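Presented below is the structure to which this report refers.
The values are calculated or read from the model by the stated rules, or taken from the named source; none is laboratory data. This one's a predicted model, so the numbers in the text were calculated from it and none came from an experiment. Cβ: placed from backbone, ideal geometry, glycine included. Neighbour counts: every protein chain shown. What goes into the accessible areas is simple: the full protein's heavy atoms, side chains included, and nothing from ligands, DNA or RNA. Shrake-Rupley method; radii C 1.70, N 1.55, O 1.52, S 1.80 Å.
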Amino acid sequence: MTKKDPYAALRIKEFNIFLLVRFVLVFGWSMQFIVIEWQVYSLTKDPLSLGIIGLMEIIPAFSMALFAGHIVDQNEKRNLLALCIAAFSLISLGLFLLTWPKIVADWSTNIILYSIYALVFFGGFLRSFFGPTIFSLVALIVPKKIYPNAATWNSSTWQMASVLGPAFGGFSISWLGVHWSLCIIFGLVLLSLFILFNIKRKPILNPKIGEPVIQSLKEGVRFVFKTKAILGAMTLDMIAVLFGGAIALLPIFAQDILKVGSEGFGVLRAAPAVGAFITMLVTAYIPISKNAGMKLLAAVFGFGVCIIVFGLSSIFWISVLALFFSGMTDGVSMVIRQTILQIKTPDHMRGRVSSVNSMFVGSSNELGAFESGLTAKLMGTVTAVVFGGTMTLITAVTTGLVSPSFRKLDLTKDLEAHENDA
């Protein structure tokens with residue numbers, strides 16, 4: 001067996017181009033999301049309005065997820081991603097126009113608010129295609145034996161963009177205002193589209209082109225529920241994200257509890273991604289495949305503790321540290337889950353399996369945002385965050401007690417098999 005190379009995937013030119021596309025796109029997307037959060041809360045001063053942002057995205061994303069996976073498996077991935085980015089640019093343009101001083105002066109607050117929700121809804125529709133397309137495209141760029149390494153760098157790039165996007169967004173709101181911040185985002189989306197065309201079109205590996213939609217969707221769902229490692233990781237992460245969605249309430253903490261303004265908001269929003277990014281850099285050198293089940297359970301438990309500490313803190317630096325460590329534990333979960341998905345999913349089913357994953361985990365981010373907004377409205381902001389963290393702790397402990405097979409999950413042999421794959 002050859003010596004493991006932590007930079008194996010980075011030695012592939014097209015993979016580096018792909019990472020650049022993803023960085024620019026995620027930087028713009030994450031920046032846009034917090035600018036929207038800031039604007040909506042500034043307009044309404046209602047925590048439920050932040051939850052509605054998540055709800056507006058989850059409805060189309062969840063509803064379209066399986067169908068999107070089918071479409072991805074049936075079509076060429078590079079051009080499909082280009083189409084998604086082009087459509088996303090229209091959303092960014094629309095948000096930029098909605099904050100134009102002339103429109104803000106002439107339109108009522110409710111019309112502007114509902115228009116923002118409508119664009120977020122369209123974004124949720126697009127997001128159902130983004131995840132499966134990106135997941136499938138990576139597998140066509142790198143060889144199977146370095147899937148885990150590619151997954152680590154792919155996730156690390158996502159986290160880096162998630163660090164810098166929100167941080168820059170917070171400062172940009174202060175320096176340039178919401179309107180011109182959204183103009184920058186529009187430019188970034190167009191830049192990612194331009195860079196993408198440096199990647200060549202890829203073959204379609206699905207042997208069942210033209211397969212009936214219902215039959216295709218059933219096959220994808222059946223595979224996920226039959227593969228216990230995938231199902232267990234998805235379920236655990238989904239519940240943790242659902243009840244640990246304190247991130248959605250950060251505008252309230254920044255403006256009303258910690259009183260740190262838009263700059264502090266950017267720091268708070270970036271802190272979890274900094275922690276996750278550090279975790280992913282470490283895992284490029286120190287794999288965490290051995291005893292993966294116990295490590296995943298411990299990570300989710302630690303995540304819950306961090307969320308509780310954040311909810312109870314009234315000191316800015318303690319809040320930042322709590323979010324930082326929540327990101328580190330979440331990074332462990334992400335690396336393990338992505339490794340499981342990459343090594344256990346056949347090429348011709350990647351779109352559908354990724355879509356099911358987005359229903360479990362991706363959509364739970366937005367549903368978690370709605371849950372956080374609703375519970376904050378009913379219980380109060382601090383109580384809602386502590387409640388979410390407590391539910392996460394209960395989930396981790398319960399899963400560990402009732403599922404011995406998950407506690408014993410170990411990915412070492414699977415990774416060795418793929419590394420030796422011709």
Legend entry - Candidates MET328, MET349, MET294, ranked by Gaussian network fluctuation over the chain, Cα under 10 Å, top entry: MET294
Legend entry - Binned Cα-Cα distance frequencies in the chain - 10 Å width, integer %: 5, 22, 34, 27, 11, 2, 0
Inset, instruction - Determine the gain in length on full extension of the stretch ALA298-PHE67; use 0.36 nm per residue of separation and subtract their C-alpha separation, reporting nm with one decimal. - result: 79.7 nm
Inset, instruction - Determine the per residue accessible area of the chain with all protein chains present and a 1.4 angstrom probe, expressed in square angstrom. - result: 40
Legend entry - Calculated [θ] (222 nm, deg cm²/dmol) that DSSP helices of n ≥ 4 give over the chain, each run adding -39,500 (n - 2.57): -27000 deg cm²/dmol
Inset, instruction - Describe numerically, in nm with one decimal, the distance between label points set 7 Å from Cα along Cα→Cβ at GLU76 and at LYS228. - result: 4.3
Inset, instruction - List the residues whose amide H sits under 5 Å from the amide H of THR345, counting only those 5 or more places along or on another chain, with H placed 1.01 Å from N in the peptide plane. - result: none
Inset, instruction - Output ³J(HN,Hα) for segment 143-152: one whole-Hz value per residue in order, computed from phi by the Karplus curve 6.51 cos²θ - 1.76 cosθ + 1.60 with θ = phi - 60°, and x for Gly and Pro. - result: x, 4, 5, 10, 3, x, 5, 5, 4, 5
Inset, instruction - Pairs to check: LYS13/LYS77; LYS259/LYS377; LYS218/LYS295; LYS45/LYS102. Give those whose C-alpha atoms are more than 27 Å from each other in this structure. - result: LYS218/LYS295
Inset, instruction - Just tell me the longest site-free run in the chain, where the sites are chymotrypsin sites (Phe, Trp or Tyr not before Pro) in a DSSP loop having at most 15 other beta-carbon atoms within 10 Å. - result: 198-422
Legend entry - Candidates LYS377, LYS226, LYS408: whichever shows maximal mean-square fluctuation once the chain is modelled as a Gaussian network with Cα springs under 10 Å: LYS226
Legend entry - With every protein chain in place, the chain: carbon and sulfur % of accessible area (1.4 Å): 70
Inset, instruction - Using a 10 angstrom cutoff on alpha carbons, build the Gaussian network for the chain and name the most mobile of ILE307, ILE58, ILE315. - result: ILE315
Inset, instruction - Using the charge dipole of the chain (Lys, Arg: +1 at Cβ; Asp, Glu: -1 at Cβ; taken about the Cα centre), state which of SER333, THR390, MET31 has its Cα farthest towards the positive end. - result: SER333
Inset, instruction - Using only Cα atoms, locate the centre of segment 18-95 and the centre of segment 278-306, then give the distance between them in Å, rounded to an integer. - result: 27
Inset, instruction - Taking amide H positions as placed in the peptide plane 1.01 Å from N, state which residues far from LEU409 in sequence (5 or more) or on other chains have amide H under 5 Å from it. - result: GLY293, MET294
Inset, instruction - Can you find, among VAL163, VAL178, SER108, the residue farthest towards the positive end of the dipole of segment 97-255? Put +1 on the C-beta of Lys and Arg, -1 on that of Asp and Glu. - result: VAL163
Inset, instruction - Under 1.5 on a/c is rounded, so check that first for segment 17-93, then, if it is not, pick prolate when a/b is larger than b/c and oblate when it is not; a ≥ b ≥ c are the square roots of the alpha carbon gyration tensor eigenvalues. - result: oblate
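Take the alpha carbon atoms of segment 99-200, find their radius of gyration, then divide it by 2.2 N^0.38 Å using N residues; give the quotient.
Against the empirical 2.2 N^0.38 Å value, I get 1.39 for segment 99-200.
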